[in-house]
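One structure is given below, encoded as structure tokens.
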Amino acid sequence: MVGYWITLEPDDNDTLLVRCPQLPIVVTYGEDEEAASRHALDAIETALASMIADGEDIPREAGKGDLFVPLSLQAALKLSLYWAIRDAGISRAELARRLGWNRESVDRLFRLAHGSRIAQIEAAFAALGRTLDVRIGKAA
């Protein structure tokens with residue numbers, strides 16, 4: 001499961017201050033643990049989208065904290081694709097060439113807010129010599 005740990009600290013106004021040790025730019029709050037988790041997910045995915053757009057290194061280790069926040073499935077797939085293309089040492093232009101797609105279609109695969117089709121994501125992983133493995137678990 002792809003996600004990040006967050007820390008929760010009581011704040012001075014009866015809220016919880018939320019931080020993500022692996023992504024220092026993530027700071028948010030919540031009235032309770034459930035709200036803090038929701039706000040954290042939004043803040044983490046916003047930070048990741050910015051980091052991907054800027055071509056930054058993104059930590060793969062989830063770190064440690066009080067609560068684990070799994071990414072949405074689409075964000076997890078796109079982040080994993082981002083890591084895979086960086087591991088392969090190729091550009092998005094090269095991925096577009098391998099797929100026979102235009103550059104904009106490939107760029108959309110890396111926009112967390114864009115609703116890419118699973119078939120497109122699978123094709124991109126295949127062009128990098130990767131496969132997807134899906135596991136379904138019971139909800140907590």
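The values are calculated or read from the model by the stated rules, or taken from the named source; none is laboratory data. Owing to the predicted nature of the structure, the values given are computational and were not obtained by experimental measurement. Cβ atoms come from the backbone with ideal geometry, glycine included; neighbour counts cover every protein chain shown.
Which pairs have Cβ atoms under 8 Å, sit 6 or more apart or on different chains, and link a residue in the stretch 30-43 that is more than 10 Å from residue 6 (Cβ to Cβ) to one that is outside any helix (DSSP H, G or I) and among the charged types (D, E, K, R)?
From residues that are more than 10 Å from residue 6 (Cβ to Cβ), the pairs are 31/14.
How many residues does the stretch 96-140 hold that are in a helix (DSSP H, G or I) and charged (D, E, K, R)?
So the count comes out to 7.
From the list 2, 27, 18, which one is closer than 25 Å to residue 112 by Cα, among the β-branched types (Val, Ile, Thr) and free of Cβ contacts under 8 Å to residues at least 24 places away in the same chain?
None of the others qualify; the one that does is 27.
Among what's in the stretch 54-91 and is part of a loop (DSSP other than H, G, I, E, B) and aliphatic (A, V, I, L, M), pick the residue that is modelled with the lowest pLDDT.
So the residue we want is 62.
Would you confirm whether any residue within the stretch 57-73 is within 17 Å of the chain's Cα centre (by Cα), among the basic types (Lys, Arg) and surrounded by 12 or more Cβ atoms within 10 Å (Cβ to Cβ)?
no
List the number of the failed condition for residue 21; all other conditions in (1) surrounded by 12 or more Cβ atoms within 10 Å (Cβ to Cβ); (2) in a helix (DSSP H, G or I) hold.
Of everything listed in (1) surrounded by 12 or more Cβ atoms within 10 Å (Cβ to Cβ); (2) in a helix (DSSP H, G or I), residue 21 misses just condition (2).
Checking residue 45 against (1) buried (at least 18 other Cβ atoms within 10 Å of the Cβ); (2) over 10 Å from the mean Cα position of the chain (by Cα), which single condition isn't satisfied?
Residue 45 satisfies every listed condition except (2).
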